[in-house]
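Values quoted throughout were computed directly from the atomic coordinates according to the rules given, and no laboratory measurement underlies them. Because the structure is a prediction, the values reported are computed rather than measured. All Cβ positions, glycine included, derive from the backbone under ideal geometry; neighbour counts span all protein chains shown.
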Amino acid sequence: MGKASRDKRDIYYRKAKEEGWRARSAFKLLQIDEEFNIFEGVKRVVDLCAAPGSWSQVLSRKLYLPAKLSPVTKDDDLPLIVAIDLQPMAPIEGVIQVQGDITNVKTAEVVIRHFDGCKADLVVCDGAPDVTGLHDMDEFVQSQLILAGLTIVTHILKEGGKFIAKIFRGKDTSLLYCQLKLFFTEVTFAKPKSSRNSSIEAFAVCENYSPPEGFNEKDLHRLLEKVGSPSGTEDLDCSSGWLEGPNKVYIPFLACGDLSGYDSDRSYPLPKAADGSYQCLDPIQPPIAPPYKRALEMKKASSQGIHNLDKLSLGP
Ligand code: SAM
């Protein structure tokens, strides 16, 4: 697909470049905020799986920059934003970056250290594995990322805090809902207008963190496994008996964002300059070291007739 035709077919991709966002995903977080007001009163936040950084940009623009520009905010009171990803990310004002795997306990420890004993008000996770197209497999790997996010949540989110996580809707969605419901009094699955209808992606918006009484973070996985087993926790058993008839678990599902606004599944005409031409903008910030970087270098080298891979420059 050419650059201009992508601009035509993906209005949020074009708008992201016009408004200076690194990725169209920025609109998803903004639209979730329109519906759920997730940034209200937030001083400390963690952005899991943050690269290339459009959600971190939203956090910086919504939380850090207004506080920094305010004459009444002291330096000590500036919001703390910590962003983590496997990939390196170009700097963003007011965002502390940690490069690491969120499923690794060491990464979780680094994040926790940044909070220096304080708790976060909000944890967001837009993590996605490399999608295979096999829905069951993608849904499973995605749920593992959410559980890694939940592990970090149980260590650093304050009571009453919020957790927003990307999910893939599939046959285990009800189980995931019940697992999240163990820790949050309100769980809604939301579909922002900027997320294509053709995609199985949605977002779990979890509000009011209230872990079970006496909860010990070490017991997280044991507790989650109990949900869905016949002897599971009494009030939130998603085992088959509960999913049928009058006891079926109904998951609140909400479309969000300005519903009369842009439709991500539609093509829009390109705005033309006076001379009838269209100026296509470059992406704001290409990934610094994407996983496909070496593949691109190999392809380029082969088109230049270089077949000895040792001769390939692996510059930054
Ligand atoms: N929210 C980002 C933004 O607005 O720019 C986009 C996130 S992108 C859809 C998904 C990210 O998840 C990728 O950058 C990928 O490196 C990251 N990711 C996947 N698995 C991860 C893991 N185990 N630990 C850390 N990051 C991970």
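Structure values in brief
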read-out	value
Percent of alpha-carbon pairs separated by more than 15 Å within segment 83-143	61 percent
Sorted by Cβ density within 10 Å, fewest first, the residues Leu147, Leu157, Leu270	Leu270, Leu147, Leu157
Linear extension gain, Glu213 paired with Val249, 0.36 nm per residue minus alpha-carbon span	10.7 nm
Charge tally in the Cβ shell below 13 Å around Val110, where Lys, Arg are +1 and Asp, Glu are -1, Val110 excluded	-2
Cα point-scatterer Debye curve for segment 1-109, base-10 log of I(q)/I(0) at q = 0.12, 0.14 Å⁻¹	-0.48, -0.64
Added length on full extension, which subtracts the Cα-Cα distance from 0.36 nm per residue, Glu18 to Lys119	32.8 nm
Candidates Leu63, Leu30, Leu223: whichever shows maximal mean-square fluctuation once the chain is modelled as a Gaussian network with Cα springs under 10 Å	Leu223
Choice from Gly305, Gly149, Gly261 with maximal GNM fluctuation in the chain (Cα, 10 Å cutoff)	Gly305
Computed E for Leu78/Asp130 - FRET, C-beta separation, R0 41 angstrom, nearest 0.05	0.70
Hits among lysines - C-alpha to C-alpha of Lys68 under 19 Å, sequence gap 8 or more where chains match	Lys43
Partners for Lys15 among lysines (Cα-Cα distance below 25 Å; same-chain residues under 8 apart left out)	Lys3, Lys28, Lys62, Lys166, Lys191, Lys193, Lys272
Loop GluC sites (Glu not before Pro), segment 82-167 (other Cβ atoms within 10 Å of the site Cβ: 14 or fewer; DSSP)	Glu93
Scaled radius of gyration (Cα, divided by 2.2 N^0.38 Å) that segment 122-182 gives	1.13
Interatomic Cα distance distribution for segment 100-237, bins of 5 angstrom, percent	2, 10, 19, 23, 22, 14, 8, 2, 0
Order of Tyr268, Tyr250 - criterion: other Cβ atoms within 10 Å of each residue's Cβ, fewest first	Tyr250, Tyr268
Label-point gap, in nm, between Leu296 and Gln87 - each point 7 angstrom along Cα→Cβ	0.9 nm
Share of alpha-carbon pairs per 10 Å distance bin for the chain, given as whole %	5, 23, 32, 23, 12, 4, 1, 0
Top positive-direction residue, dipole computed over the chain with Cβ charges, set Leu220, Ala148, Ser198	Ser198
Exposure proxy ranking, count of Cβ atoms within 10 Å, fewest first, for Ser210, Ser5	Ser5, Ser210
